[in-house]
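Chemist: Have a look at this one before I ask anything.
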Amino acid sequence: MTLRVLLFDDDTERAATLRAALQEAGYEIAAQARSAVELMACVRVAKPDVIIIDRDSPDRDTLEHLCMITRDDPRAIVMFTQDADRTTMREALKAGVSAYVVDGLSAERVRPIVDLALVRFEQWQALRQERDQAQASLAERKVIERAKGIVMKQRHCSEEEAYRLMRKTAMDRNIRLSSVAESVIAMADLLT
């Protein structure tokens, strides 16, 4: 499968060099953006696998747009730059850049750098998904605990009995225990 690349470079001559290097490495250029605002629209339309940015130094606008892309439609991002400033590097990484490469590029380095960025992006996505699942699980447990408290109070029963009642209801209705817990809480809120 050929990777689809969105190229972001405001320098026409430099963009042509990068375009040639990317095509030589076997990538399909899905779109090219010349401004940060154009970048957002290109991502939505072209749906690239990777965004490759070639800038002397990433400006605030670019970093803000990368933050929005990372939040709304995450993908691997490679940034070639001349800016070795640690603060700028940190800001770029916080914005979602997977690989921050200082001192330009050469055709033979493009593929390994993009491959590395893709691996880092996949790892980051897996961690993000794991975090989201853990947060959802914790939220479900909190709801179940609150509902158990309500059932214990209403039924004058133990925690184990309240849990057993809720679990049986979930199994009888073929729904998740957290759904039963939410219903218990909603009903309790309605009656108070």
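Chemist: In Å, what Rg and Dmax follow from the Cα atoms of the chain?
Modeler: 24.8, 77
Chemist: Here is a further query. If we restrict to alpha carbons, what Rg and Dmax does the stretch 4-105 come to, in Å?
Modeler: 12.2, 33
Chemist: Along the positive direction of the dipole of the chain (beta-carbon charges: Lys, Arg +1; Asp, Glu -1; about the Cα centre), which of Leu93, Ile150, Phe80 reaches farthest?
Modeler: Going by the Cα projections, it comes out as Ile150.
Chemist: What do you get for the angle between helix 159-173 and the principal long axis of the chain? Use alpha-carbon atoms, 0 to 90 degrees, nearest ten.
Modeler: On a 0 to 90 degree scale, this one is about 70.
Chemist: For a Förster distance of 35 Å, can you work out the FRET efficiency between the beta-carbons of Arg111 and Glu140, rounded to the nearest 0.05? Kindly include the intermediate steps, with their values, before the conclusion.
Modeler: Details: r = 43 Å, r/R0 = 1.23.
For R0 = 35 Å, the calculated efficiency reads 0.20.
Chemist: Here is a follow-up. Can you work out the Karplus-derived ³J(HN,Hα) for every residue in the stretch 74-79? Use 6.51 cos²θ - 1.76 cosθ + 1.60 with θ = phi - 60°, whole Hz, and x for glycine or proline.
Modeler: x, 7, 5, 10, 10, 10
Chemist: Also: For Gln125 and His156, what is the calculated FRET efficiency with R₀ set at 41 Å and r taken between the beta-carbons, to the nearest 0.05? Each step should come with its number before you reach the end.
Modeler: Numbers: r = 48 Å, r/R0 = 1.17.
Calculated transfer efficiency: 0.30.
Chemist: Which value does Rg/Rh take for the stretch 134-192 over its C-alpha atoms, Rh per Kirkwood?
Modeler: Numbers: Rg = 10.9 Å, Rh = 11.4 Å.
For the stretch 134-192, the value is 0.96.
Values quoted throughout were computed directly from the atomic coordinates according to the rules given, and no laboratory measurement underlies them. Since the structure is predicted, the reported quantities are computational estimates derived from the model, not experimental observations. Counting neighbours? That spans all protein chains shown, and the Cβs are built from the backbone with ideal geometry, glycine included.
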